[in-house]
1. What is the helix-to-structure angle for 258-273, meaning the angle in degrees between its Cα long axis and the longest Cα principal axis of the chain, kept from 0 to 90 and rounded to the nearest 10?
2. Could you sort the peptides 217-225, 236-244 by per-residue average Cβ neighbour count (10 Å cutoff), highest mean leading?
3. Rounded to the nearest 5, what is the percent of antiparallel bridges among the DSSP beta bridges in the chain?
4. Give the angle, between 0 and 90 degrees and rounded to the nearest 10, that separates the Cα long axis of helix 97-108 from the longest principal axis of the Cα atoms of the chain.
5. Once you list every other residue whose beta carbon is under 14 Å from the beta carbon of residue 241, what net charge do they have if Lys and Arg are +1 and Asp and Glu are -1?
6. Could you go through region 172-180 in sequence order and give the Karplus-derived ³J(HN,Hα) for each residue, using 6.51 cos²θ - 1.76 cosθ + 1.60 with θ = phi - 60°, rounded to whole Hz, and x for Gly and Pro?
7. Could you give me the percent of Cα pairs per 5 Å distance bin for the chain, shortest bin first, beginning at zero and ending with the bin that holds the maximum distance?
8. In whole Hz, what ³J(HN,Hα) sequence does region 147-154 give by Karplus (6.51, -1.76, 1.60; θ = phi - 60°), x for Gly and Pro?
Amino acid sequence: MAYAVAEDGTRLFYETTGDGTPLLFIHEFAGDHRSWEPQLRHFSDRYRCLSYAARGYEPSDVPDSLDRYSQATAVSDAVAVLDAAGADRAHIVGVSMGGFTALHLGMQHPDRVRSLVVGGCGYGSQPEKQAGFREECEAIALAFESEGAAQVAKRYAVGPARVQFQNKDPRGWAEFASMLAEHSSTGSALTMRGVQKSRPSLYDLRDQLGAMEPPTLIIAGDEDEGCLEPDLMLKRTIPTAGLVLVPRTGHTVNLEEPEQFNRAVDEFLSRVENQAWRRRDPRSLVASTTGMR
């Protein structure tokens, strides 16, 4: 078993498979390093695929202090994994919580990033929804502490943006729900408070996002209501961004529609590698619908 060591000494379990340009996968709150299996199978014949368990997710360490969990720590942990794997620069793929980390990597460490794929990202970012999102995060953290992950998973896995996965692929969804039930209750509660609840709104980072240079692909399910408006904002703000909407799909986009997800990422990475993914043409940003006035 391979471990990276974070700045504060926390050990982060990671796996590597395949050869070629490094491709780092960063999982969502309800997932872990195992959540990327459909992508690892697909991409490992052409890329050196790296996946890791975030702090608080076994077999990585589970620190028991809230001050060791934050968005900034999640970013430095991702860099620690790249360092341990000897990857100077990598394509970065993140979903949900991992998508936030991917964006922050692009803003803070562009020298480590070849490109970004950001899936199902944006929950709680809209200014009018921040307070309600943070209240919900606290309620979820309390539930993990009082009931434990096995009980919380029964409700969390059938949220309004998860039932799409359950309806399409009951066996795949059951595997996802089973993995969620195995998570550390302590790690989940602290991650919910320190990372999810406390992270800055993407809307407050529009200046930094607008200055981002790495090629960026945003992917969202069209029934993932918490992400649609933020993802449109990201598309309009990041000058190198493209947006893919996957129809009749919820939050767990890489597992719910792995073929569509992989195909979109495949095409994007190919264009990046061939230097064919460029900044948005500024002529498309004029206020006029037709450009005739």
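Just so it is clear, none of the values below were taken in a lab; they were calculated from the coordinates. Bear in mind that the values here come from a model prediction, so they are computed numbers and not experimental data. Neighbour counts run over all protein chains shown; Cβ positions are idealised from the backbone, glycine included.
1. Once rounded, one gets 50 degrees.
2. Details: 217-225: 22.7, 236-244: 18.7.
In decreasing order of mean packing, 217-225, 236-244 become 217-225, 236-244.
3. Numbers: 8 of 33 bridges.
The antiparallel proportion sits near 25 percent.
4. Relative to the chain, helix 97-108 is tipped by roughly 50 degrees.
5. Working: positive: 206, 235, 236, 271, 278, 279, 280; negative: 213, 231, 281.
Combined, the nearby Lys, Arg, Asp and Glu give +4.
6. x, 5, 4, 5, 4, 5, 5, 5, 4
7. 1, 6, 12, 17, 20, 19, 14, 7, 3, 1, 1, 0, 0
8. After applying 6.51 cos²θ - 1.76 cosθ + 1.60, I find 9, x, 4, 4, 7, 4, 4, 4 Hz.
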